[in-house]
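Each value in this text was obtained by applying a stated rule to the coordinates, not by laboratory testing. Values in this document were obtained by computation on a predicted structure and should not be read as measured data. Note that each Cβ is placed from the backbone with ideal geometry, even for glycine, and that neighbours are counted across all protein chains shown.
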Amino acid sequence: GQNIDQPTEMTATEGAIVQINCTYQTSGFNGLFWYQQHAGEAPTFLSYNVLDGLEEKGRFSSFLSRSKGYSYLLLKELQMKDSASYLCAVSGSNDYKLSFGAGTTVTVRA
Amino acid sequence: DTEVTQTPKHLVMGMTNKKSLKCEQHMGHRAMYWYKQKAKKPPELMFVYSYEKLSINESVPSRFSPECPNSSLLNLHLHALQPEDSALYLCASSPSGGRTDTQYFGPGTRLTVL
């Protein structure tokens, strides 16, 4: 089976840094995706990790440790528009299928 | 261009109505997906078309009927739905459906069944 865990909610202040952790146990591993989803809108692709290490894209970075079944998404210099749900999704041993975590709702406060 | 478009944005229908959701992409992707998403839940996969053939049906009730007229279009035909089918319906596409593919989502159709 597939098990993806991430915290339900996080709150941070504008300009701060927030780290969203994701742990997974899946049958097979072909990469981990992070998506951002604003309320009532579509998930937007943020990052893809398949090798261990840190991938940086502007204010957002994503890290993967395959041996630990662990990833995090780091959001730096938080802005109000970063208030959204962040979904961790793992591609396992089957084509087409992503296993999604329940999502972490990040609230950025002034 | 990583755009997937969906129409309509909002749909309200009665339990005896027949309606269709439409999805379109022009990225040359050969895999297209329908997901259902309830509030504060992750997307749940419903159907996958690969190269215009139905590859996955996640035991979806027959009141939902997918159709892929060509490689750019994906429809979801709705008939005799129940109130619990009210949700955000998301379409996505990816290059080939492979395990390292990134799926790109459309903005969704917010469906309310009365």
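Of B:K22/B:K53; A:K68/A:K97; A:K97/B:K53; B:K9/B:K38, which pairs sit farther than 19 Å apart, going by alpha carbon to alpha carbon? Checking Cα-Cα distances, A:K68/A:K97 exceed 19 Å. With θ taken as phi - 60° and the Karplus curve 6.51 cos²θ - 1.76 cosθ + 1.60 applied, the whole-hertz 3J(HN,Hα) list for segment A:81-89 is 5, 7, 5, 5, 9, 10, 9, 9, 9 Hz, x standing for glycine and proline.
Quick one: Debye curve from the C-alpha atoms of segment B:27-94, no solvent, what's log10 I(q)/I(0) at q = 0.15, 0.29 Å⁻¹? Normalising to I(0) and taking log10 leaves -0.46, -1.40. Each of B:R110 and B:K41 was given a label point 7 Å from its Cα along the Cα-to-Cβ line. The distance between the two points is 1.8 nm. Shielding by partners for peptide B:96-108, expressed as the average number of C-beta atoms from other protein chains within 10 Å of each residue's C-beta, is 6.
Treating only the Cβ of Lys, Arg, Asp and Glu as charged (+1, +1, -1, -1), what charge dipole size does chain A show about its Cα centre? Round to the nearest 20 debye. All intermediate terms of the calculation are to be shown ahead of the outcome.
Working: 8 positive and 10 negative charges, 14 e Å.
Here chain A has a charge dipole of around 60 debye.
In the protein assembly as shown, the DSSP beta bridges split such that about 90 percent are antiparallel, to the nearest 5. Annotation: amide H of B:G97 within the under-5 Å range of B:A31, sequence separation 5 or more or interchain, hydrogens built in the peptide plane. Among the trypsin sites (Lys or Arg not before Pro) in segment A:32-72, those placed in a DSSP loop whose Cβ has at most 10 other Cβ atoms within 10 Å are A:K68.
Cut-off is 10 Å between beta-carbons; in what order do B:Y104, A:Y48 appear when sorted fewest neighbours first? Intermediate values should be presented prior to the final figure.
Values: B:Y104 22, A:Y48 17.
Ordered from fewest to most neighbouring Cβ atoms within 10 Å, B:Y104, A:Y48 come out as A:Y48, B:Y104.
Using the Cα coordinates of chain B, the gyration tensor eigenvalues translate into equivalent-ellipsoid semi-axes of 23, 14, 13 Å, sorted from longest to shortest.
Suppose R0 equals 22 Å. What FRET efficiency, 1/(1 + (r/R0)^6) with r the Cβ-Cβ distance, do B:N57 and A:T8 give to the nearest 0.05?
With a Förster radius of 22 Å, E is 0.10.
When A:M80, B:M32, B:M15, B:M46 are arranged by Cβ crowding within 10 Å, least crowded first, meaning fewest neighbours, the order is A:M80, B:M15, B:M46, B:M32. With one equal scatterer per alpha carbon and no solvent term, the Debye-computed log10 I(q)/I(0) for the protein assembly as shown at 0.09 1/Å reads -0.37. Against the compact-protein benchmark of 2.2 N^0.38 Å, the Cα-based radius of gyration of chain A scales to 1.02. Find how many whole Å separate the alpha carbon centroid of segment A:1-61 from the alpha carbon centroid of segment B:13-66. The two parts, judged by their Cα centres, are 24 Å apart.
Phi angles across segment A:18-34 convert, under the Karplus curve 6.51 cos²θ - 1.76 cosθ + 1.60 with θ = phi - 60°, into 3J(HN,Hα) values of 10, 10, 9, 8, 9, 10, 9, 9, 9, 7, x, 8, 10, x, 10, 10, 10 Hz, Gly and Pro given as x. Peptide A:100-108 has a mean of 2 when you count, residue by residue, the C-beta atoms of other protein chains within 10 Å of its C-beta.
For chain A, the relative contact order is 37 percent, taking Cα pairs closer than 8 Å that sit 6 or more residues apart in sequence and dividing their mean separation by the residue count.
Cβ screening of chain B for cysteine pairs under 4.7 Å finds these without a partner: B:C68. Neighbour counts of other Cβ atoms within 10 Å put B:F47, A:F33 in the fewest-to-most order B:F47, A:F33.
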